[in-house]
Amino acid sequence: MGKGEVNIREAAEGDVAAMVGLWNEMMDFHQELDPIFPRTDKNNEAWIEFITDHLSKEESCVLVAEQNGQIVGHSLAFISEFPPVISIKEYGIFQELAVTAGCRRSGIGKGLFNETLNWFRKHGIKHVEVQVSIFNELSMTFWRKMGFRPYLETLCMEI
C-alpha cells in the first residue's frame, strides 16, 4: 500500500463494508496461527451486526484509519465493569485492533491505540486490558511495546 497521510477518525456506518474486509484479513491471519479461531457460515453478517451495534453505543469507541481514501486499519474498544468486589469499577477493553498487512509497522496501529487511549482518558478510565493470542507474536510485540504487561492467563480446552 502506498504512502500518504493517515486520517484516524470515528467510524461511520458507511465504513462497515470496508471494515469487514479488514476483519476477515485479521481472522484469516489468526486462523493460520491457531485453529481455535474458526468462523461461522454467516460470519460477515454477524460481524457487521456486531460492529454496527457498537457504532451507536456511548461506551464504545470504533475508529478507522484512512489512507488515500481507503480504510487500512480499525479498532474497537469499550468500557466494561468489574464485579462489585473489585475496587476499580470501570475499565477499558481493546476488543480488536487491525491494520492491513501492507500498512503494518508504519505507525497506524500506534495511532489507533493512542486515539483510543485518549478516548478512555476522557471517560475517566485508568485501567485498560487486551486479550492477545499467544501464537500471534506480531500482536504480542505490539501490545507490549504499547506498555501492556501480562497479569492473567486464560486457558482453554476442547471437550
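Brief remarks follow.
- On the basis of the beta-carbon distance and an R0 of 22 Å, residue 122 and residue 80 show a calculated FRET efficiency of 0.85.
- The label-point distance for residue 43 and residue 5, in a model that sets each label 7 Å from Cα toward Cβ, rounds to 3.6 nm.
- Stretchable slack from residue 104 to residue 91, in nm (0.36 nm times residue separation minus alpha-carbon distance): 1.9 nm
- Counting only lysines at least 8 places from residue 3 when in the same chain, those with an alpha carbon closer than 21 Å to its own are 110.
- Across all Cα atoms of the chain, the radius of gyration (one decimal) and Dmax (whole number) stand at 15.8, 50 Å.
- For the pair residue 156 and residue 59, label points projected 7 Å from Cα toward Cβ lie 2.4 nm apart.
- Extension gain, residue 32 back to residue 18 (0.36 nm per residue minus Cα-Cα distance, nm): 2.9 nm
- Separation of the stretch 131-159 from the stretch 5-25 is 24 Å, based on Cα centroids.
Bear in mind these aren't lab numbers, they're just calculated from the coordinates by the rules spelled out. Just so it is clear, the structure is predicted and the values come from calculations on it, not from any experiment. Because the Cβ atoms are built from the backbone with ideal geometry, glycine has one as well, and the counts that use them run over all protein chains shown.
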